[in-house]
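Participant: This is the structure I want to talk about, given as structure tokens.
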């Protein structure tokens with residue numbers, strides 16, 4: 001099924017495939033860089049949809065529903081640079097270390113992924129080289145560009161979560177994931193709760209459980225950082241997407257004015 005098993009020398013991305021990342025508003029003036037790791041449901045053409053039907057890529061396992069649209073509106077509202085992933089998390093999960101067991105999943109949410117079964121090292125390295133490394137390289141370059149012309153930026157990652165995934169209930173409107181640095185996460189959670197929202201502190205996932213994109217580019221560099229996870233049922237349509245962009249935009253304008261947020265600090 002995977003082309004690299006049959007032709008390991010052929011490139012993964014062909015002339016009709018999009019780029020592995022998209023940068024929006026590189027010259028944005030805000031002291032924050034936005035990222036969206038699971039923005040896309042696209043699969044490289046040569047992988048033939050990983051052997052899956054198109055309906056699979058409409059589910060949360062294929063991409064984060066509504067996240068890219070919220071991130072784009074937030075970029076516009078804040079005048080912030082934004083980096084979006086170009087391919088589905090089912091090809092390679094850009095929010096996991098390359099050697100993480102869930103980096104390239106063979107099964108997820110009781111769904112086997114035929115195009116990921118039995119991948120040899122060449123195929124795995126190819127996805128790293130052509131998808132993972134370019135995306136993370138783009139984030140690094142954007143952060144460097146912002147830092148070179150202004151102050152150290154905040155790193156803010158936009159995701160969405162499925163309220164029906166697994167056996168445990170997921171009642172939150174939004175979750176805030178963070179590790180050691182509370183500078184962004186704590187005021188964000190306080191303001192979201194003040195707005196009457198059900199806010200999960202490191203829910204439905206924990207920012208302390210894994211080395212992820214914000215740790216790689218934010219925590220290790222001493223930049224204030226966190227991830228948001230919006231309930232996907234609330235961002236399935238333009239009305240919900242616009243509502244969440246307004247909520248987050250209003251709050252982030254306040255938070256970005258906090259003294260000390262744009263300092264490099266290790267926690």
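The values are calculated or read from the model by the stated rules, or taken from the named source; none is laboratory data. Fair warning: this is a prediction, and the values are worked out from it, not measured in the lab. Glycine also receives a Cβ, built like all others from the backbone with ideal geometry; neighbour counts cover every protein chain displayed.
Participant: Report whether or not residue 65 is crowded, with 18+ Cβ neighbours inside 10 Å, more than 14 Å from residue 157 (Cβ to Cβ), touching a helix residue (DSSP H, G or I) at 6+ places or on another chain (Cβ under 7 Å) and touching a residue at least 12 places away in the same chain (Cβ under 8 Å).
Facilitator: The answer is yes for residue 65.
Participant: Are any residues in the stretch 169-192 in contact (Cβ under 8 Å) with a residue 12 or more places away in the chain and assigned to a loop (DSSP other than H, G, I, E, B), and if so, which ones?
Facilitator: 170, 171, 172, 173, 178, 179, 180, 181, 182, 183, 184
Participant: Do the conditions hold for residue 26, that is, is it touching a helix residue (DSSP H, G or I) at 6+ places or on another chain (Cβ under 7 Å), loosely packed, with under 15 Cβ neighbours inside 10 Å and not in a strand (DSSP E or B)?
Facilitator: For residue 26, the condition - touching a helix residue (DSSP H, G or I) at 6+ places or on another chain (Cβ under 7 Å), loosely packed, with under 15 Cβ neighbours inside 10 Å and not in a strand (DSSP E or B) - is met.
Yes/no per residue for (1) at pLDDT below 95; (2) in contact with a helix residue (DSSP H, G or I) (Cβ under 6 Å, 6 or more places away or on another chain); (3) surrounded by fewer than 23 Cβ atoms within 10 Å (Cβ to Cβ); (4) not in a helix (DSSP H, G or I):
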position	(1), (2), (3), (4)
75	no, no, no, no
80	no, no, no, yes
94	no, yes, no, yes
97	yes, no, yes, yes
129	no, no, yes, no
138	no, no, yes, no
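Participant: May I pose another question? What number of residues within the stretch 220-246 satisfy the criterion of being in contact with a strand residue (DSSP E or B) (Cβ under 6 Å, 6 or more places away or on another chain) and modelled with pLDDT under 95?
Facilitator: 0
Participant: Out of 241, 230, which single residue is over 25 Å from residue 103 (Cβ atoms) and either part of a strand (DSSP E or B) or in contact with a helix residue (DSSP H, G or I) (Cβ under 6 Å, 6 or more places away or on another chain) (or both)?
Facilitator: Unique residue meeting the criteria: 241.
Participant: Please work out if residue 115 is touching a helix residue (DSSP H, G or I) at 6+ places or on another chain (Cβ under 7 Å), over 30 Å from residue 25 (Cβ atoms) and modelled with pLDDT of 95 or more.
Facilitator: When the stated conditions are applied, residue 115 passes them.
Participant: If you don't mind, there's one more thing I want to ask. May I ask you to say which residue of 2, 17 is over 20 Å from residue 245 (Cβ atoms), modelled with pLDDT under 95, surrounded by 14 or more Cβ atoms within 10 Å (Cβ to Cβ) and more than 13 Å from the chain's Cα centre (by Cα)?
Facilitator: 2
Participant: Of the conditions (1) at pLDDT 95 or above; (2) assigned to a loop (DSSP other than H, G, I, E, B); (3) over 20 Å from residue 160 (Cα atoms), residue 48 satisfies every one except a single condition; which number is it?
Facilitator: Looking at each condition in turn, residue 48 falls short on (2).
Participant: Now for a separate question. Determine whether residue 158 is within 19 Å of the chain's Cα centre (by Cα), under 24 Å from residue 31 (Cα atoms), crowded, with 18+ Cβ neighbours inside 10 Å and at pLDDT 95 or above.
Facilitator: In short, yes.
Participant: Separate question: Only one residue in 107, 45 is out of contact with any helix residue (DSSP H, G or I) (no Cβ under 8 Å at 6 or more places or on another chain), more than 21 Å from residue 230 (Cα to Cα) and without any contact (Cβ under 8 Å) to a residue 24 or more places away in the chain, so which one is that?
Facilitator: When all the criteria are applied, what remains is 107.
Participant: Among the residues of the stretch 193-216 satisfying the criterion of being modelled with pLDDT under 95 and in a helix (DSSP H, G or I), which is surrounded by the fewest Cβ atoms within 10 Å (Cβ to Cβ)?
Facilitator: 216
Participant: Within the stretch 42-59, how many residues are within 23 Å of residue 174 (Cα to Cα) and crowded, with 20+ Cβ neighbours inside 10 Å?
Facilitator: 0
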